[in-house]
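What follows is a short report on a single structure.
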Amino acid sequence: MFADNSSTATAQVADATSQLIDDAPMERLREIACRHQVCYEVWPERSVSEGRAIRIGFELQLCGANTHTSADGPNHPVSGCAHCVSTYGELRQIAEWILPREERPSRYEIQAFDHSLHVAPKKRKSRSEVVLTIHIMHRHDFNRPVDDCEDRCLKEMQQRLRELGIVEGMWRGD
């Protein structure tokens with residue numbers, strides 16, 4: 001009986017330690033989200049089959065503000081500069097954290113940095129953004145219509161983004 005109590009206590013300590021480890025990256029990711037005023041957009045991934053457009057997956061885009069500040073105010077001389085690369089790297093940390101951990105019939109592809117600045121829509125004040133795109137599609141026979149697996153994966157990623165305070169369409173502080 002004593003061994004059972006010890007095992008339970010050991011499991012509780014392991015769970016608490018695991019939670020502390022999980023919370024530390026979450027806090028760091030929340031800081032990144034706040035610093036870059038991160039929000040996300042979801043777009044359909046489409047293909048053509050037998051002459052008609054079909055939705056085969058999703059693009060989940062993480063959008064982070066990329067403002068360079070100098071003595072003269074906001075300044076951004078060149079897209080793809082070291083600051084842009086750093087912003088993309090921090091968005092990638094968020095992207096990797098939200099991906100499902102287990103293998104599923106769907107796959108997730110984080111697109112490489114495009115070395116571009118994107119102009120946000122007016123609802124985000126036409127700010128300069130670095131955009132990271134995650135493609136969510138079937139692992140095999142990718143040219144099939146979206147099914148429950150892709151829908152579930154997208155919903156889980158959106159939930160993890162909400163855990164970081166990141167919402168769809170605009171920065172929650174706007």
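Worth a mention:
- Positions within the stretch 108-123 being within 16 Å of residue 171 (Cα to Cα), in contact with a Cys (Cβ under 8 Å, 6 or more places away or on another chain) and not in a loop (DSSP other than H, G, I, E, B), in sequence order: 118
- Matching residues, the stretch 86-107, being of a type outside the set (Lys, Arg) and assigned to a helix (DSSP H, G or I): 86, 87, 88, 89, 90, 91, 93, 94, 95, 96, 97, 98
- Against the test of being of a type outside the set (Val, Ile, Thr), within 20 Å of residue 172 (Cβ to Cβ), at pLDDT below 95 and in a loop (DSSP other than H, G, I, E, B), the options 79, 126 yield a single qualifying residue, 126.
- Selection count where residues are small (Gly, Ala, Ser), surrounded by 14 or more Cβ atoms within 10 Å (Cβ to Cβ) and free of Cβ contacts under 8 Å to residues at least 40 places away in the same chain, scope the stretch 82-122: 1
- Complete set of residues in the stretch 134-167 that are buried (at least 18 other Cβ atoms within 10 Å of the Cβ) and outside any loop (DSSP other than H, G, I, E, B): 134, 136, 137, 138, 150, 153, 154, 157, 161
- Long-range neighbours under 9 Å by Cβ, at least six apart or interchain, first residue among the acidic types (Asp, Glu) within the stretch 130-148, second surrounded by 14 or more Cβ atoms within 10 Å (Cβ to Cβ): 147/106; 147/138
- Test result for residue 59, at pLDDT 95 or above, of a type outside the set (A, V, I, L, M, F, W, C) and touching a Ser or Thr at 6+ places or on another chain (Cβ under 8 Å): yes
- Residue under evaluation residue 116, criteria (1) more than 23 Å from residue 25 (Cβ to Cβ); (2) at pLDDT 90 or above, criterion not met: (2)
- The C-beta contact set for the stretch 29-52 (first residue free of Cβ contacts under 8 Å to residues at least 12 places away in the same chain and aliphatic (A, V, I, L, M), second residue surrounded by 12 or more Cβ atoms within 10 Å (Cβ to Cβ) and not in a strand (DSSP E or B), distance under 7 angstrom, 6+ apart or interchain) is empty.
- Among the residues of the stretch 138-167, those that are modelled with pLDDT of 95 or more and of a type in the set (A, V, I, L, M, F, W, C) comprise 153, 154, 157, 161, 164, 166, 167.
The values are calculated or read from the model by the stated rules, or taken from the named source; none is laboratory data. Quick caveat: nothing in here was measured; it's all calculated off a predicted structure. When we count neighbours, we look across all protein chains shown, and the Cβ atoms used for this are built from the backbone with ideal geometry, even at glycine.
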